1. Which count do you get for residues in the stretch 115-142 that are in a helix (DSSP H, G or I) and polar (S, T, N, Q)?
2. All but one of (1) under 18 Å from H35 (Cα atoms); (2) crowded, with 18+ Cβ neighbours inside 10 Å; (3) modelled with pLDDT of 60 or more hold for G147; state the number of the condition that does not hold.
3. Among the residues of the stretch 29-60 satisfying the criterion of being surrounded by fewer than 16 Cβ atoms within 10 Å (Cβ to Cβ) and among the polar types (S, T, N, Q), which is nearest to R145 (Cα to Cα)?
Amino acid sequence: MGVEAQVDDKPQPADSVPAKLWESLLAEPDRAPEHLALALSSRFADPAAQWAVMHDAQSNPGHVAKLARRKYSRRVRVTGAGFGIGGITTSALDLATLGWMQGRMVFLIAASFGYDPHDPMRPAELLYLWGVYSSPEDARKGLDREGEHMALAYANKALTGEQRGRGASALVSLLGRYFAKRTIIRAIPLVASPINAISNGRMTNDLGKRAIKFYGG
């Protein structure tokens, strides 16, 4: 049986945004990408290392990295379709879950190419690949709450004073910029479901390609 046949592409419990992280995202939406990146590093560093060993990534890192990209590009289509049914009431959770699953994919890709998933630069590189910061070094400073916070700079321009407080609307505005497109359509119940599935899959596949190029050269 080939490697592909052994992979379950259905969403798993680990693909759900943890309740504690969700609380942090709502409490500080302007730093949502940073909260996600750090939580992903804490949660998936060990599984990413195990993934590389289990799939013998050392023998064929490019193949194993592409396997991770395909796996999560398919998974996010399923979750995107499900969250699309509720429209605006579930759009924030849809985007947070999308970022959570995209981040896990990037950690698997990094590990596939032999990069230590426990290294503190991995969450910084994730933020860079998302486009939150212009370089991994700037992203690391942002994670350490040093230097210019680029996501916050965008938030100050894009969000109203009310949105800058707590709430799902701020999450939709911020996460939609980095993880997905067509956030307005996502707010329409039922109509959003097929669009979410297609958009989430395409965006995740594109991120996977960028990650493979970044780590694989």
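1. Adding up the residues that qualify gives 0.
2. Just one mismatch for G147, condition (2).
3. Looking at residues that are surrounded by fewer than 16 Cβ atoms within 10 Å (Cβ to Cβ) and among the polar types (S, T, N, Q), I get S42.
The values are calculated or read from the model by the stated rules, or taken from the named source; none is laboratory data. The model shown is predicted, which means the values in this text are computed figures rather than measured ones. Positions of Cβ are generated from backbone atoms using ideal geometry, with glycine treated the same way; all protein chains shown enter the neighbour counts.
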